Structure formats: structure tokens, C-alpha cells
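Before anything else, here's the structure in question.
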Amino acid sequence: MSRISKNVILVVLTLTSSAFLLFQLYYYKHYLSAKNGSGLSKSKGSRIGFDGMQWRAVKKFIMLTSSQNVPVFLIDPLILELINKNFEQVKNTSHASSTSECKVFCVPRDFTTFALQYQLWKNEEGWFWIAENMGFQCLKIESKDPRLDWIDSLSGTEIPLHYICKLASHAIHLVVFHERSGNYLWHGHLRLKGHVDRKFVPFRKLQFGRYPGAFDRPELQQITVDGLDVLIPKDPMHFLEEIPHSRFIECRYKEARAFFQQYLDDNTVEAMTFQKRAKELLQLAAKTLKKLGVRFWLSSGTCLGWFRQCSIIPYSKDVDLGIFIQDYKSDIISAFQDAGLPLKHKFGKVEDSLELSFQGKDDVKLDIFFFYEETDHMWNGGTQAKTGKKFKYLFPKFTLCWTEFVDTKFRVPCETVEYIEANYGKTWKIPVKTWDWKRSPPNVQPNGVWPVSEWDEVIQLY
């Protein structure tokens, strides 16, 4: 009897849910569509451009997401650039005064790109079903969650990364942002699986998804554009500047697991204490340099630890960052000192071989190497304090990507293997605990001697 009652209750709940969804669909198709359609026909003579498919597709998408409380925001580069050019005017535009002429959403294009934060999405499956019944053809792109790659039993779990919903000739690209440990937003690579129709939309024209990306969490504001209420980043220029530099490289968890199977991790109290202090120092350095607006990246042994084993090398005893010399700011030293990190030494000068070292807790040192660009390579310098000898470390040219390390978003060289092989050679996978900074690196070469008359400037010990 109990089993029958449970089955009856299950049937009733299923029928009730289906009826509710059907009611929503009827409401959208017959009430809202009719209401919006009549409004368009009455004012057709005074509304320029609003009969274009771009505007109609965006309007219908916004209507759908608003009614389902899906918190999407506009990230389309073309549209944001148009808004940003007249940002003050757009911010002060009322709903009524923006509907005489379509100036933004009617611009010819194949896609309009929106985004949402996945943790705020409450009814994914219901939304997808309603979208298709409103006339959208939708494609869902999923892949495994990289945040779980370190855990063998969960590493295959899939998450949604992108939606592409097409209405006639125009498509909406919905980029799904996921929260990461460093309080930033991440989106995945749009990788098509074998069964997907490659002609569904012109995928190569998509602005997001060619590679994973990382962005600061944007503060949002609502504006009215072409009669439509949309959310956009409060600082659209900052978001636009992030796009071309947003490429994200995941830590290689599979290779790190293999590394620790071959070379056991050091779990001594000394090693764990150093890693804890190094993590704190890296996070403090990141906070300090971000406040200054200075680009930097993980370099030397810190970069090797991230790439090889996804952790801080316990016997390295310091942390290393790189900064392009053109990004140098005169208040870097004072900013670190204000953060509680006294200057340990300053070698070189801005024009040549600059290197800074700051003292962290428990003798953990922060070394910052400044990189100089030549025609076909980059280099950073080194100075031997007791002799004044100069050294130069050569690297192939590289660009910067984002990664996550010690629960923080950091930059790393995108061409990571070439960068590490330059510094550590082809055998970088093998741990080396004895290292002479003047002789061991394969990319080091003599670079002369500082004149004694300059030593007071270029060799400063504290």
C-alpha cells in the first residue's frame, strides 16, 4: 500500500511540473509575443531598424532570461565598444527616449554574446526546454570540470561551458562563467564533439571559446539600449581590455600526479612550513603588484614548480616573479615595504639588469627579476655582489597567460615549455636540489663587470 501511495504521489508531482511548464510556454508564446508584436506594429513608422533579426533575437533572448530570472550580462566586444564610446549618454538614457532608432543591437553581425555566472543559475534544464519551444535552436557545450582534476574519482565530472541559441539567421552565444578559488571567473574552451553540426553557426567567428579564459569578477549595472534593459560590466573598458589577454592555462594535474608517484612529496614539517610561508608571500606579492597595476608572472623555480608538480618546490627556499622592465614603477619598493616586506637587496639599475629581493617571514625570500626585450629574445640579469660580475639569462620571446596557483590567479608564460627549457634544460622533469645560479642554468652567459664607480648604485645590500 505504501509503495502504491509513493507511485501515485510521484505521478501527481510529474504531471503538476509538466502542467506548469506548459503554462509558462503558453504564456510566453501567446501573451508576451502578442503583446510585443502589437507594440511593434503600431509604431513601425517611427521606429527605425527594429525589424532587423539581430534586435528581434536579442529582445526575445532577454525576455526569456528575465522571465526565468537567469542573470545574464552583455559581454559582446562589438556592442560594448559601441556603448563605451557614448557611455555617459547611454547611462542617462531613459527607456522611452531610446526607442526611436536602433543604433546598437541592429549593427550587422552573426552573434551577440552574453554571459552568466553558473552558480546563480537555478533552472538550467527548464530554461533550455522553454528556449527551444520559443523558436530557438540551442546547442549545449559541456566538458569536464578542471577544478576536480586533482581528484581522481571526480575528474570526469562534466559542466556546461557554452550555449549557442540560434533564432533564424542570428545566434546568441551564452558564455558560462564558473567561480575559481582565486575569486575570479573562468570560462572553458568551446570544443565541438564529433556529432555536432559544424555548419550550425560560423563557429570561427565566435569571440569567446577559442581557449579557456579568466576574468576579474565584474561589478554589473543595468542600462537601456535600443529599448532593451541589459546588464553590462560597470567598467566596460576594463572588461574589453581583459579580453585579448584572458587566455588561461590549467595546471597539469595528471602530470603532477605522475611526478609524485615517481618522486615522493616532501611532507616534513620544515617543507610544509616553507610552502605555507611561500604561498602567503606569493599572495601578498600578487595583491601588492595588482594594486600598483604592474603585470608580473611566475618565474624561475616558482614557474617550474607550478608546471611540473602544481605546487611550490619545497627545497627552493624562495619565490620568484618576473616583470617586464617597461612595467617598472618607481614606487614598487615602497609598496612592498608598506606591505611588511623590507628590501633585502637591489642589484642593477632600470637601464640594465635590475633585480629586487624582499625579505618575507622565516627567511623566505621574494626575488623579482626584470626582463628586457631584444630583437629576437628576452633576458634578465644577475649580479654577484662580492665581485661585481654581471650575468645574463636568455629566453625565447614569450607572451603571458593566466593560471591558478596556490588558490590565486597568476600570469605565466604561455610558451611554458620553451621558457622552462631555456632556464632548466631538457631534463627539467628531474628534481635537482643543488643549483648554482651562476653556472647551472643552460641560458646563463657572462655579461661583463659593473664599474667600481657604480657599485654604490648597482649593488645595494640591506
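Do you know which residues across region 259-287 are within 27 Å of the chain's Cα centre (by Cα), under 26 Å from Thr427 (Cα atoms) and free of Cβ contacts under 8 Å to residues at least 60 places away in the same chain?
Result: Gln275, single match.
Between a residue in region 159-170 that is under 12 Å from Arg191 (Cα atoms) and any residue that is small (Gly, Ala, Ser) and open to solvent by 10 Å² or more (accessible area, probe 1.4 Å), which pairs come within a Cβ distance under 6 Å, given they are 6 or more apart or on different chains?
Hits for this filter: Leu161/Ser143.
Which ones in region 240-256 are touching a residue at least 60 places away in the same chain (Cβ under 8 Å) and open to solvent by 60 Å² or more (accessible area, probe 1.4 Å)?
Hits for region 240-256 are His245, Arg247, Lys254.
Looking only at region 355-379, which residues are in contact with a Lys or Arg (Cβ under 8 Å, 6 or more places away or on another chain) and within 16 Å of Asn447 (Cα to Cα)?
Our first condition is that a residue be in contact with a Lys or Arg (Cβ under 8 Å, 6 or more places away or on another chain); within region 355-379, this holds for 355-365, 373, 376-379.
Of everything in region 355-379, those that are in contact with a Lys or Arg (Cβ under 8 Å, 6 or more places away or on another chain) and within 16 Å of Asn447 (Cα to Cα) turn out to be Glu355, Glu373, His377, Met378, Trp379.
On the given criteria, is Ile83 assigned to a helix (DSSP H, G or I), within 28 Å of Ile130 (Cα to Cα) and either of a type in the set (Lys, Arg) or at pLDDT 90 or above (or both)? Talk me through it step by step, then tell me what you get.
Details: assigned to a helix (DSSP H, G or I): yes; within 28 Å of Ile130 (Cα to Cα): no; either of a type in the set (Lys, Arg) or at pLDDT 90 or above (or both): yes.
No; evaluated as a whole, the condition is false for this residue.
Only one of (1) at pLDDT 95 or above; (2) open to solvent by 20 Å² or more (accessible area, probe 1.4 Å) fails for Thr416. Which number is that?
With respect to (1) at pLDDT 95 or above; (2) open to solvent by 20 Å² or more (accessible area, probe 1.4 Å), Thr416 is out only on (2).
Here's the yes/no breakdown for (1) assigned to a loop (DSSP other than H, G, I, E, B); (2) of a type in the set (S, T, N, Q); (3) in the same structural domain as Asp76 (by the TED database); (4) out of contact with any Cys (no Cβ under 7 Å at 6 or more places or on another chain):
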| position | (1), (2), (3), (4) |
| --- | --- |
| Pro218 | yes, no, yes, yes |
| Gln221 | no, yes, yes, yes |
| Ala258 | no, no, no, yes |
| Leu264 | yes, no, no, yes |
| Glu270 | no, no, no, yes |
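Also, I was wondering about something else. How do the strands (runs of 3 or more DSSP E) wholly within region 306-395 filter down when requiring 2 or more residues that are touching a residue at least 24 places away in the same chain (Cβ under 8 Å) and open to solvent by 30 Å² or more (accessible area, probe 1.4 Å): which remain? Walk me through how you get there before you give the answer.
Details: elements: 318-324, 343-349, 352-359, 365-373, 378-383, 389-395.
So the answer is 343-349, 365-373, 389-395.
The values are calculated or read from the model by the stated rules, or taken from the named source; none is laboratory data. Predicted model only: the values in this text are computed from it and were never measured. As a convention, Cβ positions derive from the backbone with ideal geometry for all residues, glycine included, and neighbour counts pool all protein chains shown. Surface accessibility is based on the protein's heavy atoms, side chains included, excluding ligands, DNA and RNA. Shrake-Rupley method; radii C 1.70, N 1.55, O 1.52, S 1.80 Å.
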